[in-house]
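Beneath this line is the structure, given in structure tokens, with notes to follow.
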Amino acid sequence: MNWADFSSAEPGLARTVEQRFGAFTHHTLATLRKDGSPRTTGLEVRFLNGELWLGMMPDSLKARDLLRDPRFSLQANPGEGQTMGGGDVRISGHAREVTDPQTKARYGEEVEPPEPFHLFRTELTEVVRTYVEDDTYLVVQVWKPGEPVRTLKRT
């Protein structure tokens, strides 16, 4: 399931997630190293043409991780201070490298990344938003493909 599919299924949550990622340029990507341990690195992301794109420098460790094992988790930059306006947002899924020259050229025209670059299209497996409501409740919204958003509240 790509970003357009998710946006169609859950437009309100999708807008909130895009706004959180749009608030800052740099976010945190988690990948898996060759030995299976986690690696976290900074990353810029783009929501373009119904896709969530991950672009990165050639032969970067995170690119090599994704080429070997496509599983990832992406966390929006929480921003400064304690407020985390819009809540904490995470996206998990699989990253598939795009090698088609036309697709990469279209992306390059929109984003103007340094050349050369790796480009990955994402397939979503989970979207999670956590926020505080009325200074009382911790609210967790969880979406998975084929399921409605589950909302959990804790005091």
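Taken as a whole, the condition of being open to solvent by less than 70 Å² (accessible area, probe 1.4 Å), under 20 Å from G12 (Cα atoms) and without any contact (Cβ under 8 Å) to a residue 24 or more places away in the chain applies to V140.
Just checking, how many residues over segment 91-109 are under 16 Å from the mean Cα position of the chain (by Cα) and surrounded by 17 or more Cβ atoms within 10 Å (Cβ to Cβ)? Talk me through it step by step, then tell me what you get.
Of segment 91-109, the ones under 16 Å from the mean Cα position of the chain (by Cα) are 91-97.
Retained after the next criterion (residues that are surrounded by 17 or more Cβ atoms within 10 Å (Cβ to Cβ)): 91-93, 95.
The number of residues fulfilling the criteria is 4.
Within segment 8-40, the set of residues being surrounded by 14 or more Cβ atoms within 10 Å (Cβ to Cβ), among the polar types (S, T, N, Q) and within 15 Å of S92 (Cα to Cα) comprises T28, T31.
Where strands (runs of 3 or more DSSP E) sit wholly within segment 18-108, those with at least 3 residues that are among the small types (G, A, S) occupy 88-97.
D65 passes every criterion in (1) over 14 Å from V127 (Cα atoms); (2) touching a helix residue (DSSP H, G or I) at 6+ places or on another chain (Cβ under 9 Å); (3) among the charged types (D, E, K, R); (4) open to solvent by less than 40 Å² (accessible area, probe 1.4 Å) apart from (2).
For segment 13-71, a residue qualifies if it is farther than 22 Å from W3 by Cα, in contact (Cβ under 8 Å) with a residue 40 or more places away in the chain and either in contact with a Gly (Cβ under 8 Å, 6 or more places away or on another chain) or among the hydrophobic types (A, V, I, L, M, F, W, C) (or both), and exactly one does: M57. Scanning segment 110-122 for residues that are closer than 12 Å to R46 by Cβ and either open to solvent by 100 Å² or more (accessible area, probe 1.4 Å) or in a strand (DSSP E or B) (or both) yields E110, E112, L119, F120, R121, T122.
Taking R96, is it in contact with a Pro (Cβ under 9 Å, 6 or more places away or on another chain) and of a type in the set (K, R)?
On the way: in contact with a Pro (Cβ under 9 Å, 6 or more places away or on another chain): yes; of a type in the set (K, R): yes.
Yes: the conditions hold for R96.
Of everything in segment 143-155 that is assigned to a strand (DSSP E or B) and either free of Cβ contacts under 8 Å to residues at least 12 places away in the same chain or not aliphatic (A, V, I, L, M) (or both), the residue that is least open to solvent (accessible area, probe 1.4 Å) is W143.
So is L54 aliphatic (A, V, I, L, M) and either surrounded by fewer than 18 Cβ atoms within 10 Å (Cβ to Cβ) or at pLDDT below 95 (or both) or not? Walk me through how you get there before you give the answer.
Numbers: aliphatic (A, V, I, L, M): yes; either surrounded by fewer than 18 Cβ atoms within 10 Å (Cβ to Cβ) or at pLDDT below 95 (or both): no.
Taking the combined requirement at face value, the residue does not satisfy it.
The values are calculated or read from the model by the stated rules, or taken from the named source; none is laboratory data. Computed from a predicted model, the values in this text were never measured in an experiment. Cβ atoms come from the backbone with ideal geometry, glycine included; neighbour counts cover every protein chain shown. Remember, those area values only see protein heavy atoms, side chains included, never the ligands or the DNA or RNA. Shrake-Rupley method; radii C 1.70, N 1.55, O 1.52, S 1.80 Å.
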